[in-house]
Amino acid sequence: MKPKVLFNSIAFKQAFENLKDIDNLDDVLAFYDEECYFKDPFHNIRSKKTMRKLFVNMFKGLNNPRFTDLKILSDEAIIVMSWTFVFERKGNKKQNCIKGSSWIQVNEKGYISHHHDYWDSVELFQTFKLLRIPLQFIKAIFSKAQAR
């Protein structure tokens, strides 16, 4: 069902591009319904209030987190967004990048009701030194299996 109120996907994209710290968070959250549903590989969130906590924790736990290379396809009711999440872990100057995409649904009021992020959590795990070598070993095993 198409929203009765038009959703401005360009302004939404710009709000995410400008999300550099907690000060810009309300600009992004303004697009979400109070009872929105958000899901990614680690979270199942059922309100804008809880989503705010997720973003606040992200800014507190990481250095310079931001979304880059955003691309959007939209038919007003459904938005597909690709992105790169760039960040540095606290105490580590190395820049990390995780590519992902989002499936977003807009309700009849013109607010985001569902937001589902898809990204490879192994990319995040590889930012931890202790996990890097075991994960590379596992990837090598699966790469060999594909070559057969």
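Taking +1 at the Cβ of each Lys and Arg and -1 at the Cβ of each Asp and Glu, which of 114, 101, 57 sits farthest along the dipole of the stretch 9-120 towards its positive end, judged by Cα position relative to the Cα centre?
So the residue we want is 57.
So if I place +1 on the C-beta of Lys and Arg and -1 on the C-beta of Asp and Glu, and nothing else carries charge, what would the dipole magnitude of the chain be about its Cα centre? I want it in debye, nearest 20.
Working: 24 positive and 17 negative charges, 167 e Å.
Once rounded to the nearest 20, the dipole reads 800 debye.
Take each complete run of DSSP H in the chain, measure how far its Cα atoms stretch along the helix's own axis, and keep only those covering 24 Å or more with mean Kyte-Doolittle hydropathy at least 0.5; list them. Could the numbers behind the result be given before it?
Numbers: long enough: 129-147 (28 Å, 0.54).
Correct list, ordered by number: 129-147.
Give the order of 27, 75 when sorted by the count of other beta carbons within 10 angstrom, beginning with the fewest.
On the way: 27 15, 75 10.
The most exposed by this proxy come first: 75, 27.
Apply the Karplus parameterisation 6.51 cos²θ - 1.76 cosθ + 1.60, with θ equal to phi minus 60°, to every residue of the stretch 33-41 and state each ³J(HN,Hα) to the nearest whole Hz, in sequence, with x for glycine and proline.
Ordered by residue, 3J(HN,Hα) equals 5, 4, 9, 5, 10, 10, 9, 9, x Hz.
Where does the chain land at 222 nm, in deg cm²/dmol rounded to the nearest 500, when only DSSP H runs of n ≥ 4 count, each adding -39500 (n - 2.57), divided by all residues? Please list the in-between numbers first.
On the way: 5 runs with 52 residues, N = 148.
After summing the helix terms and dividing by residue count, I get -10500 deg cm²/dmol.
Each value in this text was obtained by applying a stated rule to the coordinates, not by laboratory testing. Being a predicted model, the structure only gives us computed values, none of them experimental. FYI the Cβ positions are ideal-geometry reconstructions off the backbone, even for glycines, and counts take in every protein chain you see.
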